[in-house]
1. Suppose a student asked you for the relative contact order of chain B, using Cα pairs under 8 Å spaced at least 6 residues apart; what percent would you report?
2. Leaving out same-chain residues fewer than 8 places away, which aspartates and glutamates sit with a Cα under 18 Å from that of B:K166?
3. Measure nothing but the geometry: give the 0 to 90° angle between the long axis through the Cα atoms of A:82-94 and the longest principal axis through the Cα atoms of chain A, rounded to 10°.
4. Local charge sum around B:A157 (other residues, Cβ-Cβ under 15 Å, Lys/Arg +1, Asp/Glu -1)?
5. If I fit a long axis through the Cα atoms of helix A:109-118 and take the longest principal axis of the Cα atoms of chain A, what angle between them do I get, 0 to 90°, rounded to 10?
6. Net charge around A:V142, counting only other residues with Cβ within less than 14 Å of its Cβ (Lys, Arg = +1; Asp, Glu = -1)?
7. Which whole-Hz couplings ³J(HN,Hα) result when phi for each residue of the range B:148-153 is put into the Karplus expression 6.51 cos²θ - 1.76 cosθ + 1.60, θ = phi - 60°, listed in order with x for Gly and Pro?
8. Subtracting the Cα-Cα distance from 0.36 nm times the residue separation, let me have the gained length for B:T164 to B:E101 in nm, one decimal.
Amino acid sequence: MIDKQLEDLATEAPSTIAPQVLLETGLADGYLRHPGPTGDMFVSFNPRGISSVSLESDAQQFEDQFEVQFRRPVFPVKQLPTRLARALDKALATRRLGTLPIDWDGMTEFQQAVLRKTAEILPGEVRPYSWIAKEIGNPKAVRAVGTALARNPVPIVVPCHRVVRNDGQLGNYYYGTEVKRAVLEAEGMNVDTLQDLADRGIKLTGSDTTHIFCNPTCRDARRTTERHTVEFRNETEARQAGYRPCRHCRPAAVA
Amino acid sequence: MTLDTVGRVNSRIARDLDAAFPDLVRDMQNGIYSGVLRMVPSPADAEDITQETFIRAYRALSEYSRERIHDLNLPGWIWTIALNLCRNAARTRSRRPRTVELDRDAFSGGKGPEAMAMESDENRRWRQLLYQLPAAQRSAVVLRHVVGLSYREIAEATGRPEGTVKADVHRGITRLQEALT
């Protein structure tokens, strides 16, 4: 009789135990809502660093997508670990990756190379897919670069929105071209000017005082006054005019 | 758990700890929590100790060799950790700090924090009854009848011979019966 009473003392563990254990052992990621450049976003992390950033607005949808993509659970947390919080705030304020740790596990070496290169593009600038391909020593892999960027698990912090089509058009974005435009504009990019150049087939601009040609959004190109700016449709045209490529934005071989 | 399934859990853990561990937590958490709840002062302590037990188990298992994991009496071994923490809990009452703090408000399913904070009279009575037992009898009774461990597993967990454990359970039950009448 007393055995039965004791048996009945067995109870269900609170639903918070397993998530907390899995978080603490790094077998699940934590996530929270965090302000981003165009409103709130979800940020997930684990002991290796930031594992994903999502502009999704619904928490359940975010969790479901995460678990399909990463095949491990993700749980809401109160706050980021202090060091990660500091690094993330800095990365978002400066719009540069800086020392923010990213969980690169589960990415191919190629995708890592693409994303690390993408992280070098400064805020206010854009580069074509072909530029990334060339810079990582794989000039023919333009399409693969597009795929790697489309699967960027950490948008915003690794600024895949700064990579545009080779013809200068904004191109695709996981959350749609309009969101890409909004994110670029939020960091001070004049998308209309960019669009205008693309529409006129202008891929490079140079300065007639230095005889250097640049990607149009290169910070050096933007310093050139309108009066001294010359426009080129391609590299050959620029070279024939006696211009050399900029050493900062390395525009050569932009097809 | 039968001996056979225990053996298979051991192999799974030895093969891929990270893949097997979440299932181990899911399978064992109710037992650990139910038992710990009867040996510490509050449900909050029980939750904390149950978590800490699994976290320590994970860290230890990730250091162990395959052979060592194969030879483990898992329920007994895990309860060794839990019992140690229960003993310490009597001394230090503070919550262990976590590197990441779960957003508990988001967990309404199962037994939420509100339900936990409100302890029933029934629970309080049992806590008092069990608290009157000597520590060895209390843990033996709880592990045998609340958690459902075998005498062999309890012997492993408590580091006492099986015969002594049987005697502890028997004496504990007798005392409880006396207290109840």
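1. Values: 148 pairs, mean separation 47.4, N = 181.
It comes to 26 percent, rounded to a whole number.
2. List returned: A:D3, A:E7, B:E153, B:E156.
3. Compared with the principal axis, the helix lies near 20 degrees.
4. Working: positive: B:R38, B:R56, B:R87, B:R138, B:R144, B:R152, B:R160, B:K166; negative: B:E153, B:E156, B:E162, B:D168.
Cβ neighbours under 15 Å give a net charge of +4.
5. Result, in degrees: 60.
6. Numbers: positive: A:K117, A:R127, A:K134, A:K140, A:R143, A:R165; negative: A:E135, A:D167.
Result for the local shell: +4.
7. x, 6, 7, 4, 4, 5
8. Working: separation 63, 0.36 × 63 = 22.68 nm, distance 4.11 nm.
Using 0.36 nm per residue and subtracting the Cα-Cα distance, I get 18.6 nm.
None of the figures in this text is laboratory data; all of them are computed from the coordinates on show. Since this is a predicted model, take the numbers as computed values, not measurements. All Cβ positions, even for glycine, are placed from backbone atoms using ideal geometry, and neighbour counts span all protein chains on display.
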